[in-house]
């Protein structure tokens, strides 16, 4: 079994390629259109990644298994989180330090960091388990003191 690349490392490597492409798109087609394209592409990639993890789970997804997946994003201290509540239907936590945001800032990509990472969080659920949804009111990436993650598992949703 091969070991996965830590997610923070993977995002940094992706940003090294995406950053220059994004800047070229801005120059060629304008910032608004470049943001729209990048946003759509990253969201689609997050859905595919969610499906991959659902398949690894044999299609037997749950909130408990989803919570375990967070190890992938927090490895190597990439995120410091304060867990507020966990259950079969709730996963509430705040991120108090985000090395993803720090990395993008160091790379001069803080303007698109939310597209590269934050937008994946809720969209990932669409591929992993459509019964899981995210409400988040603020992120460190956008200048808030913490990120507020409020995941819900709604078993009554038909998939």
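The values are calculated or read from the model by the stated rules, or taken from the named source; none is laboratory data. Being a predicted model, the structure only gives us computed values, none of them experimental. Quick reminder, even Gly has a Cβ in these numbers, built from the backbone with ideal geometry, and neighbours come from all protein chains shown.
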Filter the stretch 71-100 for residues that are assigned to a helix (DSSP H, G or I) and within 12 Å of the chain's Cα centre (by Cα); the one that is surrounded by the most Cβ atoms within 10 Å (Cβ to Cβ) is 100
Quick one: in the stretch 127-140, of everything that is over 12 Å from the mean Cα position of the chain (by Cα) and buried (at least 17 other Cβ atoms within 10 Å of the Cβ), which residue is nearest to residue 87 (Cα to Cα)?
132
Residues (more than 28 Å from residue 150 (Cβ to Cβ) and without any contact (Cβ under 8 Å) to a residue 12 or more places away in the chain) located in the stretch 18-70:
20, 21, 23, 24, 26, 27, 28, 29, 30, 31, 32, 33
Given the residues 130, 138, 85, which is the only one that is closer than 19 Å to residue 45 by Cα, without any contact (Cβ under 8 Å) to a residue 60 or more places away in the chain and out of contact with any helix residue (DSSP H, G or I) (no Cβ under 7 Å at 6 or more places or on another chain)?
130
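Okay, residues lined up against (1) touching a strand residue (DSSP E or B) at 6+ places or on another chain (Cβ under 6 Å); (2) modelled with pLDDT of 95 or more:
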position: 30; (1), (2): no, yes
position: 33; (1), (2): no, yes
position: 38; (1), (2): no, yes
position: 60; (1), (2): no, no
position: 75; (1), (2): no, no
position: 83; (1), (2): yes, yes
position: 97; (1), (2): yes, yes
position: 105; (1), (2): no, yes
Unique residue being in contact with a strand residue (DSSP E or B) (Cβ under 9 Å, 6 or more places away or on another chain), modelled with pLDDT under 95 and not in a helix (DSSP H, G or I) when the list is 157, 134:
157
